[in-house]
Amino acid sequence: MTQPTTSQPILVTGATGNTGRHVVAGLLAEGVPVRALTRDPERARFPEGVEVVAGDVTVPADVTRAARGAGAAYLVWPGTDAAAKGAAEVVEALGAEVGRVVYLSAAGAEETGGVWGGVERAVRRSARAWTFLRVTGLATNALAWSDKVHRGVVRAPFGAASRSLVHERDVAAMAVRALVDDGHAGRAYLVTGPEVVSQTDQVRVLGEEVGIPARWEEQPLDEALVELSLEVGVEFAHQIIEHWTVNVDIPEEVSEDVARVLGRPALSFREWARDHVADFTPDRAEP
């Protein structure tokens with residue numbers, strides 16, 4: 001049986017997010033003290049026993065205060081700023097306080113750079129020990145269709161794009177292992193689901209799990225680009241379109257890193273859909 005490497009608390013940034021809340025729960029299950037950094041402690045709902053610190057992960061002084069006395073940290077850097085503005089100062093502050101940093105990164109960070117590559121470089125420079133979780137894509141991205149699946153049609157571009165989406169619980173489980181066990185320092189794991197699933201099939205699976213027949217409707221690219229630009233900004237919208245374009249001909253890679261680290265297969269997209277049925281089911285309560 002593995003044991004936590006330290007009795008010091010572990011700092012979790014992004015603690016109310018898709019992966020962070022599961023990291024908090026996983027660390028508590030390991031018997032490890034948890035400290036959560038959040039901008040709004042009054043609205044955050046953490047399990048009993050979690051030490052809550054008010055602050056912003058993009059502010060070095062807040063990170064220093066939150067990390068002081070912690071043994072390790074789970075780092076989630078917000079936003080998609082290609083220059084990773086401010087990350088170097090934050091990571092330097094973090095590295096000065098904790099002995100281990102586990103960073104939620106992205107597949108291709110080392111090759112393509114962007115915000116994830118920039119933060120990785122900062123972590124390498126400043127952290128005494130580090131682990132990168134390079135995720136191909138979180139299955140939670142499918143929540144963008146939550147208001148469409150129950151209507152039976154998802155209209156978007158690149159239905160043939162195939163992705164190896166990973167369940168957020170698997171990402172969190174990988175983070176917990178890297179935070180509390182030895183043997184993960186200096187490793188960059190490719191964190192994926194166990195299979196590639198086209199966007200068209202993702203919608204079909206969601207419909208099957210919700211119990212409503214759902215289909216994909218291909219959207220013209222120029223129309224989709226306008227909508228994406230309004231949601232995430234022009235630069236990131238073009239990055240998304242480029243990624244989807246590639247995935248039509250070249251499916252995302254499927255890695256065995258999750259299975260190797262966790263000792264079980266990665267959770268499938270259907271399992272994710274089953275866990276999130278309520279998110280795709282309209283409220284049928286009477287007014």
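The values are calculated or read from the model by the stated rules, or taken from the named source; none is laboratory data. Note that the coordinates shown come from a computational prediction; the quantities given were computed from them, not determined experimentally. Counting neighbours? That spans all protein chains shown, and the Cβs are built from the backbone with ideal geometry, glycine included.
Output the residues belonging to the range 214-241 that are among the acidic types (Asp, Glu) and at pLDDT 85 or above.
Within the range 214-241, Glu217, Glu218, Asp222, Glu223, Glu227 qualify.
Might you check whether a residue that is farther than 22 Å from Thr131 by Cα, of a type in the set (Phe, Trp, Tyr) and surrounded by fewer than 20 Cβ atoms within 10 Å (Cβ to Cβ) occurs anywhere in the range 226-237?
For the range 226-237, residues farther than 22 Å from Thr131 by Cα, of a type in the set (Phe, Trp, Tyr) and surrounded by fewer than 20 Cβ atoms within 10 Å (Cβ to Cβ): present.
Would you point out the residue of the range 163-176, among those that are in contact with a strand residue (DSSP E or B) (Cβ under 9 Å, 6 or more places away or on another chain) and charged (D, E, K, R), that is surrounded by the most Cβ atoms within 10 Å (Cβ to Cβ)?
So, considering only residues that are in contact with a strand residue (DSSP E or B) (Cβ under 9 Å, 6 or more places away or on another chain) and charged (D, E, K, R), the one surrounded by the most Cβ atoms within 10 Å (Cβ to Cβ) is Asp170.
Within the range 177-198, track down each residue that is within 18 Å of Arg128 (Cα to Cα) and crowded, with 24+ Cβ neighbours inside 10 Å.
Within the range 177-198, Ala178, Leu179 meet the criteria.
Considering (1) under 30 Å from Glu209 (Cα atoms); (2) assigned by TED's automatic domain parsing to the domain that holds Leu27; (3) surrounded by fewer than 23 Cβ atoms within 10 Å (Cβ to Cβ), say which one Arg124 fails and leave the rest.
(1)
Please go through the range 150-175 and pick out each residue that is among the hydrophobic types (A, V, I, L, M, F, W, C), modelled with pLDDT under 95 and over 18 Å from Val254 (Cα atoms).
Ala156, Phe158
Looking at (1) in contact with a helix residue (DSSP H, G or I) (Cβ under 8 Å, 6 or more places away or on another chain); (2) within 18 Å of Ala172 (Cβ to Cβ), which is the one condition that is false for His150?
Among (1) in contact with a helix residue (DSSP H, G or I) (Cβ under 8 Å, 6 or more places away or on another chain); (2) within 18 Å of Ala172 (Cβ to Cβ), His150 violates only (2).
Could you check the range 122-149 and list, in sequence order, the residues that are at pLDDT 95 or above, under 23 Å from Arg274 (Cβ atoms) and among the small types (Gly, Ala, Ser)?
Matches in the range 122-149: Ala139, Ala142.
Of the numbered conditions (1) surrounded by 22 or more Cβ atoms within 10 Å (Cβ to Cβ); (2) in contact (Cβ under 8 Å) with a residue 60 or more places away in the chain, Val203 fails exactly one; give the number of that condition.
All conditions are met except number (2).
Can you report the number of residues in the range 85-102 which are surrounded by 17 or more Cβ atoms within 10 Å (Cβ to Cβ) and more than 25 Å from Gly183 (Cα to Cα)?
3
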